[in-house]
Every structure is written in structure tokens, then in C-alpha cells.
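Heads up: the structure comes next, in C-alpha cells.
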Amino acid sequence: MKILITGGLGYIGSHTVIECINSKHTVVIVDNLYNSSIKVLEKLNKFLNKDLKFYKTDMQDIDAFEKVFKENNIDAVIHFAGYKAVGESVEKPLKYYDNNIGITINLLKLMERYNVKKIIFSSSATVYKESKILPLTENMPLGVTNPYGRTKLIIEEILQDIAYVDKNFKAVILRYFNPIGAHPCGLFGEENNGIPNNLMPYIVKVAKGELEYLRVFGNDYNTKDGTGVRDYIHVVDLAKAHIKAIKAFEFSKNINIYNIGTGTGYSVLEIIHNFEKATGIKIPYKIVERRSGDIGENYSNSDKAKKELNFSTKYGILDMCHDAWNFEKGK
Ligand code: NAD
Ligand code: UD1
């Protein structure tokens, strides 16, 4: 298939480009380099021994974006492009609605114009309402607490509305849990400019000596050791889920929603210990106040993806820690 990958030079997008090529698909990448760099394209070309088709295009500019559809016979779209910083979305909600929803509407208009009927959308576990009942299954109540999460929920609903009227339209919505790690080759990973917000990007900076210590946000949650528990998934396993989802277009219903996680929750302290074990580097930390907006615990039930997509994960928590560090130290 010829697959348009929006945001294809970003963290998850670049890993998915590799898996698409490994699975003999052809890719066309669109990215405006807002949170990525042209160096990622150069590395992909070298690593894959290809000359990948790339458009440096801001998808907010629908006329420029249309060129991509005009010049390529696209069969399906994997839509990663968007902004993802939760804290910033609270400060600048319009920026998030404008970009995340605006570019998705432009994409869907062009898909309609060029008769492209298949899309995989990057949603997030953040769309679930906080739940005492775990693990989370796809039919559990939804509810969001910040504009970033709201853009994901709104886009899920837009896709449902289109599927309702167009019976040939097929959308696979993947709700990612917490992607971490990097490609085992050490060339691709999460590029971080500035001080990171998320746990693993912060830990690797502490390991590198660029930050003094990790702040553990609260140890008084109702969890195994009081610190926050999340379902971390290796980014390569996550990328492979998209290949399974492409196959699902052949047999699936109009709209399919899948959790993509491992189903296992790790606490912050467990992540620190596993990182130390995987790398031999000590991570100094201090327990501080809870981070506003955080929940204690969440992890997935990913059985639906296992059963219907034949999805499984290969990498464990030590691999995730090892590969995250392997990428960071090579930067
Ligand atoms: P990323 O920031 O690394 O990648 C997104 C890419 O989209 C970037 O390369 C950026 O330059 C590009 N982009 C943004 N706005 C654009 C525009 N207007 N036109 C063209 N390109 C644009 O993020 P990621 O971690 O790879 O995440 C990919 C998707 O998965 C995002 O939609 C994100 O919300 C979602 N997601 C990510 C996580 C996570 O923890 N990383 C978790 C759940 C969901
Ligand atoms: C964050 C986002 C969420 C997004 C997800 C995946 C917030 C409030 N939520 O969730 O919307 O879908 O990333 O991108 O930003 N932690 C520390 N110290 C740190 C950083 C994190 O103790 O310096 C803890 C957190 O309290 C949490 C765990 O580590 O318990 C994981 O945090 P993080 O990596 O930010 O992911 P989420 O909180 O799941």
C-alpha cells in the first residue's frame, strides 16, 4: 500500500516509517518539522537505504497540503501529526485546537476529495475518565481534563461522524498508553529540546548528568509503592501495532478502537530501579508534591488488539530502559 504518514519524522512516526518499509509498504511523509528535524529523514534514508518521499509542509495550509494528494496515489493515511504537550495545551488551548483539530479537518477534506477511505489515528489513553476499575477496556467511560486530551476526543468523534454517513470509510483509532524507549539501532528516539515533562525523557537527562535529580511526583497514591503507575510500551512495539492495523482495514468494521499497551503497570520507583539495572547508572531522586492533573494509576487491557489484530509486544521494561539510554547517550 502507499501510505501517507503525517508527522512521520516525529518520535512514533519515524519508528512507524521503518516498520512500514520493513513490511514492503511505500510511504509518503509529511511533516513541518515543528517538533522534528530533517536529520531524522537523512538517518531514515541511510538506515533503510531508500530515498523516501518527503514534503516539508504545514498541514494547516490546505493548498500546500493538497499537493501531496495530487502528486501521490495515496491508499491509506497514518495520522501522527499534532502537538502533544499537555501543560502547554492548558496555557495555550487555541494553539492546540487550531493545530490538532485544524490539520485533521484539512486532512479529512483532502481524503474525501481524493477518495482516500482509510485512516489510522493516534489517540491516547488520556481520553479515559479516571477509573477505580482497572485495567481500562475500550468501552470504559471517556472524559478529559485538558485541551490536548480534548483534541484527541473531538477527533475520535469527528471520525465516528464521518464513518456514520460513509459506509466505505474505515478508521482505526489506536489509544496509546505510554510509549518509551528507542529503536535498538540507537539512531532513532525521542528528540528532546529543553526540559522534558515525561518520565523517561527526564530520567535519561539525569543519567546523562544534564539534570541533577528526578523529582518523583508524589508517593502517597493508592498504588503498590505510593508512586504513579503507568503502562509503558516500547516504541517499536507500538510502531508494529500500526502494521497490524493496516491489515485490519481488509476485514474490519467502519470504526475500530484499540488500546495499545502491554497490560502491565510499573510505578515510578520500579522504572527507576529497572533503569538502574538496565544501564548500571544510579538515578538520584527526591519525592516531591503530586503533579497537578496526574492520576495515581492506569494501565490497559489490550486483549482486543491481541485478539482482533494479532498484536503482541516483544520488548520488556529492561529493553525499554536500555534502548532509551542507548539513544540518549549517542546524541
Ligand atoms: P512528535 O511531536 O514526536 O511527532 C509529531 C510530529 O508532527 C512532529 O514531527 C511535528 O513536527 C509534526 N507536526 C505537528 N504539527 C504539524 C503540522 N501542522 N503540519 C505538519 N506536521 C506537523 O509526537 P509523537 O510522540 O511521535 O506522537 C505522535 C502522535 O501520537 C501525536 O498525535 C501524539 O499526540 C500521539 N500520542 C503520543 C503519545 C506519546 O507519549 N508520545 C501518547 C499518546 C498519543
Ligand atoms: C502524560 C500526559 C498524558 C499523555 C502521556 C503520554 C500529563 C499530565 N499527562 O501522562 O496526557 O497522554 O503523558 O504522553 O502530562 N513522573 C515523575 N517525575 C517526572 C515525570 C513524571 O514522577 O519528572 C511520574 C508521573 O507523576 C506519572 C509517571 O511518572 O506517575 C509518568 O508520567 P509521564 O511520563 O508524564 O506520563 P503520564 O503522566 O502518564
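The values are calculated or read from the model by the stated rules, or taken from the named source; none is laboratory data. Note that the structure is a prediction, hence the values are computed from the model and not measured. Neighbour counts are summed over all protein chains in view; Cβ atoms, including those assigned to glycine, are modelled from backbone coordinates with ideal geometry. Accessible surface is based on the protein model in full, side chains and every heavy atom, while ligands, DNA and RNA are left aside. Shrake-Rupley method; radii C 1.70, N 1.55, O 1.52, S 1.80 Å.
Annotation: of all residues in the stretch 117-135 being of a type in the set (A, V, I, L, M) and touching a residue at least 60 places away in the same chain (Cβ under 8 Å), the one that is nearest to ligand 1 (Cβ to nearest atom) is Ala125. Of all the listed residues (Asp231, Asp237), the sole one being among the acidic types (Asp, Glu), within 12 Å of ligand 2 (Cβ to nearest atom) and either at positive phi or in contact (Cβ under 8 Å) with a residue 40 or more places away in the chain (or both) is Asp231. Look at Lys67 and say whether it is of a type in the set (D, E, K, R) and either surrounded by 21 or more Cβ atoms within 10 Å (Cβ to Cβ) or within 17 Å of Ile173 (Cα to Cα) (or both). Taking the combined requirement at face value, the residue does not satisfy it.
Using the structure shown, decide if Leu174 is away from ligand 1 (no atom under 13 Å from the Cβ) and either in a loop (DSSP other than H, G, I, E, B) or buried (at least 23 other Cβ atoms within 10 Å of the Cβ) (or both). Spelling it out, it is not the case that Leu174 is away from ligand 1 (no atom under 13 Å from the Cβ) and either in a loop (DSSP other than H, G, I, E, B) or buried (at least 23 other Cβ atoms within 10 Å of the Cβ) (or both).
For every residue, the table says whether it meets (1) open to solvent by 60 Å² or more (accessible area, probe 1.4 Å); (2) within 30 Å of Arg215 (Cβ to Cβ); (3) in contact with a His (Cβ under 6 Å, 6 or more places away or on another chain); (4) hydrophobic (A, V, I, L, M, F, W, C).
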residue: Leu238; (1), (2), (3), (4): no, yes, no, yes
residue: Ile243; (1), (2), (3), (4): no, no, no, yes
residue: Ser267; (1), (2), (3), (4): no, yes, no, no
residue: Lys277; (1), (2), (3), (4): yes, yes, no, no
residue: Lys282; (1), (2), (3), (4): yes, yes, no, no
residue: Ile287; (1), (2), (3), (4): yes, yes, no, yes
residue: Tyr299; (1), (2), (3), (4): no, yes, no, no
residue: Lys331; (1), (2), (3), (4): yes, yes, no, no
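Take the conditions (1) out of contact with any helix residue (DSSP H, G or I) (no Cβ under 6 Å at 6 or more places or on another chain); (2) within 14 Å of ligand 1 (Cβ to nearest atom); (3) not in a helix (DSSP H, G or I); Ala64 misses just one of them, which is (3). Taken over the stretch 155-166, residues that are open to solvent by 10 Å² or more (accessible area, probe 1.4 Å), under 13 Å from Glu112 (Cα atoms) and in contact (Cβ under 8 Å) with a residue 12 or more places away in the chain amount to 2. Looking only at the stretch 1-57, residues that are open to solvent by less than 10 Å² (accessible area, probe 1.4 Å), assigned to a loop (DSSP other than H, G, I, E, B) and of a type in the set (A, V, I, L, M, F, W, C) come to 1 in all. Within the stretch 53-62, is there a residue that is touching a Leu at 6+ places or on another chain (Cβ under 9 Å), closer than 16 Å to Asn256 by Cα and of a type in the set (A, V, I, L, M, F, W, C)? Within the stretch 53-62 (the criterion being touching a Leu at 6+ places or on another chain (Cβ under 9 Å), closer than 16 Å to Asn256 by Cα and of a type in the set (A, V, I, L, M, F, W, C)), the answer is no, since none of the residues qualifies. Of the listed requirements (1) open to solvent by less than 10 Å² (accessible area, probe 1.4 Å); (2) not in a loop (DSSP other than H, G, I, E, B), Lys205 misses just one: (1).
Suppose we keep only residues that are touching a Phe, Trp or Tyr at 6+ places or on another chain (Cβ under 9 Å) and over 20 Å from Lys117 (Cα atoms) within the stretch 18-31. Which one would you say is nearest to ligand 2 (Cβ to nearest atom)? Per the criteria, the residue is Asp31.
Figure legend. Inter-residue proximity from the stretch 22-48: first residues under 11 Å from Leu4 (Cβ atoms), second residues within 14 Å of ligand 1 (Cβ to nearest atom) and in a strand (DSSP E or B), beta-carbon distance below 6 Å, spacing 6+ or different chains. Indicated pairs: Val27/Ile5; Val28/Leu4; Ile29/Ile5; Ile29/Phe54; Val30/Thr6; Val30/Tyr55. Restricting the stretch 191-234 to residues that are at pLDDT below 95 and polar (S, T, N, Q) leaves a set whose member that is nearest to Ile12 (Cα to Cα) is Asn192.
If I ask for residues that are in a loop (DSSP other than H, G, I, E, B) and among the β-branched types (Val, Ile, Thr), which ones from the stretch 70-97 would you list? Passing the criteria: only Ile74. Every condition in (1) farther than 24 Å from Ile283 by Cβ; (2) open to solvent by less than 40 Å² (accessible area, probe 1.4 Å); (3) without any contact (Cβ under 8 Å) to a residue 40 or more places away in the chain is met by Pro196 except one, and the failing one is (1). Taking (1) in contact (Cβ under 8 Å) with a residue 60 or more places away in the chain; (2) under 23 Å from Thr151 (Cα atoms) in turn, Asp75 satisfies each apart from (2).
When Ile257 is tested against (1) in a strand (DSSP E or B); (2) more than 9 Å from ligand 2 (Cβ to nearest atom); (3) open to solvent by less than 10 Å² (accessible area, probe 1.4 Å), exactly one condition is not met: (3).
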